[in-house]
1. Arrange Tyr256, Tyr89 by Cβ neighbour counts within 10 Å, fewest through most, would you?
2. Please get the size of the charge dipole for the stretch 83-230, origin at its Cα centre, with Cβ charges of +1 on Lys and Arg and -1 on Asp and Glu, quoted in debye to the nearest 20.
3. May I ask you to derive the relative contact order of the stretch 8-181, considering only C-alpha pairs under 8 Å and at least 6 residues apart, and to give it as an integer percent?
4. Among 71-79, 257-265, how do they line up by average Cβ neighbours within 10 Å per residue, starting with the highest?
5. Rounded to whole Hz and in sequence order, give me ³J(HN,Hα) for the stretch 346-363 from the Karplus expression 6.51 cos²θ - 1.76 cosθ + 1.60, θ = phi - 60°, writing x for Gly and Pro.
6. Mind sorting out which of (1) 21.1; (2) 20.2; (3) 21.8 is the real Kirkwood radius over Cα pairs in Å computed from the coordinates?
7. Along the Cα-to-Cβ line of Glu225, 7 Å from the Cα, sits a label point; which residues in the stretch 264-297 have backbone N less than 15 Å from it?
8. Which one, Ala289, Leu301, Leu327, is farthest towards the positive end of the dipole of the stretch 230-355 when Lys and Arg carry +1 and Asp and Glu -1 on their Cβ?
Amino acid sequence: MHDPFGAFVDLDPRAHGGEGPLAGMTVGVKSNIMVAGLPWTGGMGLYRNRIASRDAECVTRLRTAGAAILGTVNMHEAALGAHTDNVFYGRTHNPHRHDYTPGGSSGGSGAAVAAGLCDLALGTDTMGSVRIPAAYCGVYGLKPTNGAISEDGLAFLEPSLDCIGPLARDLDVLERAWNILARDPGEARPFRHAWVLGRQSEVEVQPAVAAGFEAARRALPLACETLHLPERLTDVRMAGLIAAGHWLVDDLGPEYRANNPDLSDELKVILAITSLREACPEVLARTRAALREAIGTDTVLIMPTAPQVAFAHGTRAPSNQADFTCLANVAGLPALALPSGWSEDGLPVSVQLVGPPGSEPGLIALARQLDNQLQAYRRPPQSGI
């Protein structure tokens, strides 16, 4: 495989497909998900020699359905970061612009799909790590209802927030994958109401992202009312980050050392900072309760996916990348990111839909309606598609 984007880190030379509903489909798997016989690193140098003894359940489901598992893709170290410039496994480039981030932590998944290196990729989403790469790479990403896809074989970052989710270049592939991956795929039910965030103005949103959001909102076949959440979005995002940092420190245990060469300096700083901050479970609990009550059983929330387009590697990552995406994780709700437009210099922007528990088929159906009007997907100029 020719991979100028640094998306794949380990290829399986025995990869082959079979018969079934996903026959002919090729898949890349984020390296914090077990693929039998391949390194199961979680993007960490600490685990470079850890080999998966078996497939994760989600991988087994895809294989059984006939998909070919090509190998594992790059990710941000420990899934705790947002640009997939990994000191141990290399830099992943955005197929729309070389030397720009594909997002994180599932950056390899977004890049591999956007570049046409595989039809489908599995990522994981703790506070937006499927949807942010989908946004930056101009593809489609689904964060499911918490627990809807088995997390067997996942190296967790924060179990109460983590989900495994698929990324694809089109909604048909995403839907086919969902029907195989989900414990109960369910059926599409129509949404009757829609929300936009009253606190959206708290986040500094780039003009192209705002324009893409407005285009999607106008295309939405529902009238939108304004939802006022009890917590500032930046406080929700920080509460989730602190929870993830605390969990990772506890999980690493004695392996967590300030001078450990198998942890990057960046990760050490993040863990040190989050370790000093007190957990804020009440912020997460209030947000979860308010959002679940507002969404109910037949309402959708529409908002930007990331507040900005992809940025150059070597520059500081914007702190607000997950201000919008974190809400679905905190509330345990499904969310789907789809392309909604382009910046003046040719980088994709994205919008996301958040629905009630179990509404993934409805989100896919609604996203298809928006997609037909927005026509915002574009293949990268240099890709294998």
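Please treat every number below as a calculation from the coordinates, not as lab data. These numbers come from a predicted model, not from an experiment. Counting neighbours? That spans all protein chains shown, and the Cβs are built from the backbone with ideal geometry, glycine included.
1. In increasing order of surrounding Cβ atoms, one gets Tyr256, Tyr89.
2. That gives the stretch 83-230 a dipole magnitude of about 340 debye.
3. Relative contact order here is 22 percent.
4. So the peptides 71-79, 257-265, ranked by packing, come out 71-79, 257-265.
5. x, 10, x, 10, 8, 10, 10, 10, 10, x, x, x, x, 9, 3, x, x, 5
6. So the structure-derived entry is (2).
7. 291-297, by backbone N distance to the label point.
8. Going by the Cα projections, it comes out as Ala289.
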